[in-house]
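*Asks:* Okay, here's the structure, questions in a sec.
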Amino acid sequence: MAKRRRVANLLALAVLTVAGQRPMHPYEMASVLRARGKDEDMPIKWGSLYTVVRNLEKHGLLEAVESGRQGGRPERTVYRVTDAGREEADDWTRELLSTPVREPSSFVAGLSVMGGLGPDEVMALLRERLEALERRLDAARRALEGERAQLPRLFLVESEYAIAMCEAEAGWVRGLLGELTEGTFPDLDGWRAYRRTGTVPPEVADLAERGRPAD
C-alpha cells in the first residue's frame, strides 16, 4: 500500500531540508531559506511558516529540542528533524524528481484563448513577451556565472534548469512569432475574420463542442 502523504506543502519540504542541517527556530529557518532564494524555487507563503512547523511537529517530523527567551524577545522554540522527518523529506524529494506533473501555466492559459484577440495584437504581445524573456535570460545567466565562482554545481542545478526552460520558451515564442509575421500560420485570414465578426466557422464550432480527446 502506498505511503500516505501527511503534509503536501512545498514549504514543509523546505523546512525539513533546512532544519535537517542543524536545529533551528522558525525565524532562523525563514532567514536561511530567504538567503538561499528558496522562494524563487518553490511557492512559499511566509505567513504560514509557523503553522507548517507546528504541523510537522504534530506529525512527528520535527521535534522541539529547546525553548528560550533572549531579552524582551518572544520565546523561541528550536526544532530538529526526526528520523521520520528525514525519511519523509527523502521520499518526497524522490517523488518530485522522478514523477512528471502537469502544472498550471498562465502562459498556456493565455495561449488557449488567444484566438479572441486578433493576430496583429497577438504578435505585438508575443514580441513583448520575447523581449521580457530575453532580459530575464540575460540577468539569470549573469547571476549564474557569479554564483559558479562561489558555490558547487550541486547547489546551482535548479538555476540551470530555470535557464534551460526559459530558453526553450523563448525559442518556441520566437518560432510562433515567426509564423505569424511571415504569414505561414494556418488560416490567418479565418482568424482575422473571426476577430472582426465574432462568428466561428461551423466546422471549428463543431470541433470545439466535442472537445479534445482524453489523454
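The values are calculated or read from the model by the stated rules, or taken from the named source; none is laboratory data. The structure displayed is predicted, hence computed values, not measured ones. Just so you know, the surface numbers come from the protein's heavy atoms only, side chains and all, with ligands and any DNA or RNA stripped out. Shrake-Rupley method; radii C 1.70, N 1.55, O 1.52, S 1.80 Å.
*Asks:* Just the accessible area per residue of the chain, please: how many Å² with a 1.4 Å probe?
*Replies:* Using a 1.4 Å probe on heavy atoms only, each residue of the chain averages 70 Å².
*Asks:* While we're here: One quarter of the convex hull surface, Cα atoms only: what value does that give for region 16-149 in nm²?
*Replies:* Seen from a random direction, the Cα hull of region 16-149 projects 12.7 nm² on average.
*Asks:* Okay, moving on. Carbon and sulfur atoms: what percent of the 1.4 Å accessible area of the chain do they account for?
*Replies:* Reported share for carbon and sulfur atoms: 53 percent.
*Asks:* Pull out the extension gain between Gln21 and Ala124, defined as 0.36 nm times the separation in residues minus the alpha carbon to alpha carbon distance; nm, one decimal.
*Replies:* 32.2 nm
*Asks:* So, one more: In deg cm²/dmol and to the nearest 500, what is the mean residue ellipticity at 222 nm of the chain if only DSSP H runs of at least 4 residues count, each as -39500 (n - 2.57), divided by the residue total?
*Replies:* -19500 deg cm²/dmol
*Asks:* Right, another one. If you line up the long axis of helix 49-58 against the longest principal axis of the chain, both from Cα atoms, how many degrees apart are they, to the nearest 10?
*Replies:* Long axis of 49-58 versus the principal axis of the chain: about 60 degrees.
*Asks:* Also, I was wondering about something else. Protein chains only, probe 1.4 Å: how do Thr93, Thr199, Thr82 rank by accessible area, largest first?
*Replies:* From most exposed to least exposed: Thr199, Thr93, Thr82.
*Asks:* Still on this structure, I have one more. Tell me the angle of helix 10-19 to the major Cα principal axis of the chain, expressed in degrees between 0 and 90 and rounded to the nearest ten.
*Replies:* Between helix and principal axis, roughly 40 degrees.
*Asks:* On to the next question. Compute the angle between helix 188-197 and the longest alpha-carbon principal axis of the chain, please, reported from 0 to 90 degrees and rounded to the nearest 10.
*Replies:* Here the helix axis deviates by roughly 90 degrees.
*Asks:* Once the piece of chain linking Val157 and Ser105 is laid out straight, how much longer is it, given 0.36 nm per residue of separation minus the C-alpha distance between them?
*Replies:* Length gained between Val157 and Ser105: 16.5 nm.
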